[in-house]
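Each remark here refers to the structure printed beneath this line.
Here, each number is a calculation from the coordinates, and none is a lab measurement. What you see is a predicted model; the values in this text were computed from it and never measured. All Cβ positions, even for glycine, are placed from backbone atoms using ideal geometry, and neighbour counts span all protein chains on display.
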Amino acid sequence: MADDKLTRNTYLSKNAGNYPQEINILGKTLSKVDDLRYGTNPHQTAAFYKIAGKNNVIGDMKVLKTGKSGLSQTNLEDISFSLNIVKFFNCPACACMKHVNPCGAATGSPQDSLKDIYLKARDCDPRAAFGSVIAFNTCVDADTAAAIMESFVECVVAPAYSPEALAIFCNPDNKLNKHVRILECGDLSQLPKFIGDDIVGYQTFKVLADGSLVIADPLMTHVRSIADLKPASAENRNTGIVTSTVTASPAQLQDLLCAWYINISVRSNGVVIVKNGGTLAVGTGEQDRVGAVEQAIEKFKQKYAGKEVIHDAVMASDGFFPFPDGVEVAAKAGITAIIAPSGSLKDADVILRANELGVALYHAPERVFSHH
């Protein structure tokens, strides 16, 4: 074990610093922020760059407290994806991110404290949240900081912290979380969200195994409010025109919007189950759609031992249902409202089955696959 660590450290020391101070991509100049602790794995070197000449929400974030070493690529990716969730909400919101997937996320109602919101996000999957990155869209207060320090986390990122919260994070007597990294990001309103906004997203890059490069437009959404949630409608030769006849309640519509925004940052195939502004379970990274639904429901059952039904929750799916089975599995578990894009040859059959099962089905205007 000691030899493995020595070999890894020797490799990193030989290769660290081999990244240029400045690079140019698509006419933009990026300057190096720092050499990272490592890339995705400890034997991979990496460096962090920001766009020069502008205030970067993440690239210029302040390190208010560092751990025993700096940030890794994995930390930065989790920071980015967690902020990509909380940026959508005007009310206080929290996301717990692990391996570039949300363990849980939650928004608040007027009576909820930020601590309540954090605990709702964390306790969606507390086992997965161990060692996660925690993001907020608002100032972190002392009560929330104290709750965070009760379990091990890698990083906390937020636009602001109260002095009392910082004192709790920096308390040397806390042995469990003494290496927690506290980061202050920039103005989240400067992150792109909606298609057609003045704030445009930055193109994404995917490097293939032979060094070839795919450049793509960023993933944003047309869904700005519950007014953009349209009852599902489709037609085929067997059924004719079929439209969803079940209506979600006002609270469920808000939860559908919440689930959709969270699902944008879930690895496809992904589904998100939400109730009262918080995730109950997240199904992620499955090769088949119904498998993602089954995975999320099984997670719920494991979390709430003895409970086999999710009462009146909602679900978002990042892709269409190719068959009615995904809706059937969700309805059997107690889900009564779903948002998903259209596009299946069997859309009309899926809508017809949802009507039979008493499930309100809404069609989103786009697919939001995330293959990060």
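Of note:
- For the range 21-190, share of DSSP beta bridges that run antiparallel, in % to the nearest 5: 70 percent
- Set of aspartates and glutamates near Lys50 by C-alpha distance (under 17 Å), chain-local residues within fewer than 8 positions excluded: Glu22, Asp34, Asp35, Asp60, Glu77, Asp78, Glu184, Asp187
- Among Thr144, Thr29, Thr40: highest mean-square fluctuation, GNM of the chain, C-alpha pairs under 10 Å: Thr29
- Relative contact order (percent, whole number), the chain, Cα cutoff 8 Å, 6+ residue spacing: 12 percent
- Annotation: aspartates and glutamates with alpha-carbon distance below 15 angstrom to Lys120 (same-chain offsets under eight excluded): Asp112, Asp143, Glu150, Asp255.
- Of (i) 1.04; (ii) 0.93; (iii) 0.99, the label for Cα Rg over 2.2 N^0.38 Å derived from the coordinates: (i)
- Given R0 = 41 Å, the distance between the Cβ atoms of Asp325 and Ala167 translates into a calculated FRET efficiency of 0.20.
- By the helix-only formula, in which each DSSP H run with n ≥ 4 contributes -39500 (n - 2.57) and the sum is divided by residues, the chain has a 222 nm mean residue ellipticity of -8500 deg cm²/dmol.
- Qualifying chymotrypsin sites (Phe, Trp or Tyr not before Pro) in the range 202-291, DSSP loop, other Cβ atoms within 10 Å at most 16: Tyr202
- Cα centre as origin, Lys/Arg/Asp/Glu Cβ charges: the range 226-364 dipole, Debye: 220 debye
- Amide H contacts of Val33 (H built 1.01 Å from N, under 5 Å, at least 5 apart or other chain): Phe48, Tyr49, Lys50
- ³J(HN,Hα), Karplus 6.51/-1.76/1.60, whole Hz, each residue of the range 151-162, x for Gly, Pro: 9, 6, 9, 7, 9, 10, 10, 7, x, 6, 9, 6
- Residue with peak Gaussian network fluctuation, the chain [Cα springs, cutoff 10 Å], from Gly53, Gly319, Gly334: Gly53
- Here the Gaussian network model covers the chain, with springs between Cα atoms less than 10 Å apart; of Leu64, Leu183, Leu26, Leu26 fluctuates the most.
- FRET efficiency, Ser189 to Ser212 (Cβ-Cβ, R0 25 Å, nearest 0.05): 0.10
- Partner aspartates and glutamates whose Cα lies under 16 Å from the Cα of Lys301, excluding those fewer than 8 positions away in the same chain, are identified as Asp123, Asp125, Asp312.
- Net length gained if the chain between His371 and Asp288 were fully extended (0.36 nm per residue, minus Cα distance): 28.5 nm
- What the Kirkwood sum gives for the range 226-364 is a hydrodynamic radius of 14.4 Å, with every pair of different alpha carbons counted.
- Built from the Cα atoms of the range 71-163, the convex hull projects on average onto 5.4 nm², one quarter of its surface area.
- Note on the range 120-164: percent of Cα-Cα distances in each 5 Å bin, starting at 0 and stopping at the bin with the largest distance, equals 6, 21, 33, 27, 12, 3.
- Pairs exceeding 18 Å between alpha-carbon atoms, taken from Lys299/Lys332; Lys68/Lys175; Lys32/Lys54; Lys275/Lys299; Lys193/Lys230; Lys32/Lys68: Lys193/Lys230; Lys32/Lys68.
- Using only side-chain charges placed at the Cβ, +1 for Lys and Arg and -1 for Asp and Glu, the dipole size of the chain relative to its Cα centre rounds to 640 debye.
- Relative contact order of the range 226-364, pairs being alpha-carbon contacts under 8 Å that are 6 or more residues apart, as %: 30 percent
- For the range 21-190, the convex hull drawn through the C-alpha positions has a volume of 117 cubic angstrom per residue.
- Projected onto planes of every orientation and averaged, the convex hull of the alpha-carbon atoms in the range 309-367 covers 3.3 nm².
- Net length gained if the chain between Phe152 and Lys230 were fully extended (0.36 nm per residue, minus Cα distance): 23.9 nm
- Cysteines in the chain that, by Cβ-Cβ distance, have no pairing candidate under 4.7 Å: Cys91, Cys94, Cys124, Cys139, Cys155, Cys170, Cys185, Cys258
- Length gained on full extension, Arg237 to Val63: 56.6 nm, using 0.36 nm per residue less the C-alpha separation.
- Sum of side-chain charges, Glu164 neighbourhood, beta-carbon under 11 Å (Lys, Arg +1; Asp, Glu -1): -2
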